[in-house]
Amino acid sequence: MEMEKQKSSRIVLVPCPFQGHINPMFELASLLYLKGFSITFAHSQFNFPNPSNHPCFSFLPIPHDLSQFQASSSNFIALLLALNDNIAMPLRDILVHQQQQNDEILCIIYDSIMYKVAEVANNLKLPSIILETSSASLFWTYAAFNRLESEGYFPLKDSIAEDFVPGLDPLRFKDLPIFNFPNVDDLLHLIKTTSDIRTSSAVIWNTTECLEQPILEKLKQHYEIPCFPVGPMHKSIKNVINRTSLTTEDRNCIMWLDKQVAKSVLYVSIGSLASITEREVTEIAWGLVSSNQHFLWVIRSGSITGSDPKSVFHEKNLKEAIEKRGYIVEWAPQKEVLGHFAIGGFWSHCGWNSTLESICEGVPLICRPCFGDQKMNSRYVSYVWKVGIVLENELERGEIERVVRKLMVSEEGQEIRQRAMDLKLEIEKSVAENGSSYKCLDDLVKFLLSL
Ligand code: UDP
């Protein structure tokens, strides 16, 4: 009976159309589909996924007018604000049309960054639920911004960079997303707009109690709306293959990994948006080569400011040394890479997905955050969970060599790896039957059916 009701219950999902947001929304879609719900993606035509990769879901393209924008970290916030302004009306029209076709919609689940969706849902008298694709700690930090502003901390000064943020221990001011952020007013506007979660019926978090229990507790008490920490969602999905990469995955790297020794390879990636300079890339290359470790390195098109990745290594002896020890791809099947026996460490920008994917496989991290929540995630990885090392100073080959060797071959690195393995087991328990995330997913299903 319950199953029958679920089959006729359509949920419309509205993701934020960037890789690090699309992935968790598709993971949630798979989980809800496996629980019997019908899934429709209302997706901006910007970065539109290939529907043939997802035969179980329906797709409604939302038109936009964002031709002047390029997705990159430099104008990311302006793009997100414009995206919200662009989608509200077309989304409303599309949903009205759906309703006129007698296609009943149970509720809308939207990425918190797509804040305009809440208005559309309220307008159509549809319940809406937020999916938070970042950590709960990030959200708790946002919730504190009004207080910090009224206490006179903004704009943040360099002189307090190392100080602990009152009420946000263990974060220091320099860990906050707004510290040294170039378009800080736009970012603060976005944060204030997305922090008002009480406009929705509930919040789903891609996190789990064993990682963030104290913060989740505070959030529940503060906001008094149902919270469902069901993550890490990719670990709960069985039997559904999600092909959500916007760039083609180079699977040859798996064959290369197959030939390597267990836990001997460092995986290096800065995610889908961050970029670094050509000088930094050269220093990383020399540092990796001199560390004498093998490495699999994702160098995305657009990830080197102002340079074409294909022509970046000029020095002949560097090129040869890279070929001897390393393997470079434009885009990797990251979850599979991190689960491969040959991977012994992850040099990461510490996006929330990458952080979760790494600790889910017991892979310790070298944290090199670039912007946004990455600095906070890096702080949690190194200081709270103690499953990684931060590479903090200016990128320089000698320091890189030292940190890579520390993680991959030192006794201290071995201890960090052991803690990462212990945390992996904790996470496995939370998604297994009767674990906290498993139970929260059941509670979420009951909640959806009660709407
Ligand atoms: N990713 C991937 N292949 C790559 C690099 C990244 O599949 O070569 C995926 C990764 O598994 C993660 C997402 O892209 O799910 C990146 O999200 P994250 O939150 O880590 O960082 P962002 O790209 O949003 O900065």
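The values are calculated or read from the model by the stated rules, or taken from the named source; none is laboratory data. Just so we're clear, the structure is a prediction, and the values are computed from it rather than from any experiment. Because the Cβ atoms are built from the backbone with ideal geometry, glycine has one as well, and the counts that use them run over all protein chains shown. SASA here: full protein model, heavy atoms, side chains in, ligands and nucleic acids out. Shrake-Rupley method; radii C 1.70, N 1.55, O 1.52, S 1.80 Å.
Might you check whether a residue that is modelled with pLDDT under 95, under 22 Å from Ser128 (Cα atoms) and in a loop (DSSP other than H, G, I, E, B) occurs anywhere in segment 187-196?
yes
What is the one condition in (1) in contact with an Asp or Glu (Cβ under 7 Å, 6 or more places away or on another chain); (2) farther than 13 Å from Ile400 by Cβ that Ser290 does not satisfy?
If we test Ser290 against (1) in contact with an Asp or Glu (Cβ under 7 Å, 6 or more places away or on another chain); (2) farther than 13 Å from Ile400 by Cβ, just (2) comes out false.
What are the residues in segment 369-399 that are β-branched (Val, Ile, Thr) and in contact with a strand residue (DSSP E or B) (Cβ under 9 Å, 6 or more places away or on another chain), if any?
Listed by number, the residues that qualify are Val381, Val387, Ile389, Val390.
Among the residues of segment 38-52, is any in a helix (DSSP H, G or I) and open to solvent by 10 Å² or more (accessible area, probe 1.4 Å)?
yes
If you scan segment 7-29, which residues turn out to be of a type in the set (Gly, Ala, Ser) and out of contact with any helix residue (DSSP H, G or I) (no Cβ under 8 Å at 6 or more places or on another chain)?
Ser8, Ala29
Can you give me the number of residues within segment 402-451 that are open to solvent by 90 Å² or more (accessible area, probe 1.4 Å), touching a residue at least 24 places away in the same chain (Cβ under 8 Å) and closer than 14 Å to Ser236 by Cβ?
Residues flagged as open to solvent by 90 Å² or more (accessible area, probe 1.4 Å), touching a residue at least 24 places away in the same chain (Cβ under 8 Å) and closer than 14 Å to Ser236 by Cβ within segment 402-451 amount to 1.
Please count how many residues of segment 293-322 are within 17 Å of Asp250 (Cα to Cα), of a type in the set (D, E, K, R) and part of a helix (DSSP H, G or I).
Total meeting the criteria: 1.
What number of residues within segment 349-367 satisfy the criterion of being over 9 Å from the mean Cα position of the chain (by Cα) and more than 7 Å from the ligand (Cβ to nearest atom)?
Residues in segment 349-367 being over 9 Å from the mean Cα position of the chain (by Cα) and more than 7 Å from the ligand (Cβ to nearest atom): 10 in total.
Can you work out which of the residues in segment 324-336 that are within 29 Å of Asn353 (Cα to Cα), in a helix (DSSP H, G or I) and open to solvent by 60 Å² or more (accessible area, probe 1.4 Å) is farthest from the ligand (Cβ to nearest atom)?
In this case the residue turns out to be Glu336.
Per-residue answers, yes or no, for (1) within 16 Å of the ligand (Cβ to nearest atom); (2) of a type in the set (Phe, Trp, Tyr); (3) touching a residue at least 12 places away in the same chain (Cβ under 8 Å); (4) under 22 Å from Glu212 (Cα atoms):
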position	(1), (2), (3), (4)
Met114	yes, no, yes, no
Ala118	no, no, yes, no
Ala121	no, no, yes, no
Leu156	no, no, yes, no
Asp175	no, no, yes, yes
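Might you let me know whether segment 84-99 holds any residue that is in contact with an Asp or Glu (Cβ under 8 Å, 6 or more places away or on another chain) and under 30 Å from Val445 (Cβ atoms)?
Yes: segment 84-99 contains one or more residues that are in contact with an Asp or Glu (Cβ under 8 Å, 6 or more places away or on another chain) and under 30 Å from Val445 (Cβ atoms).
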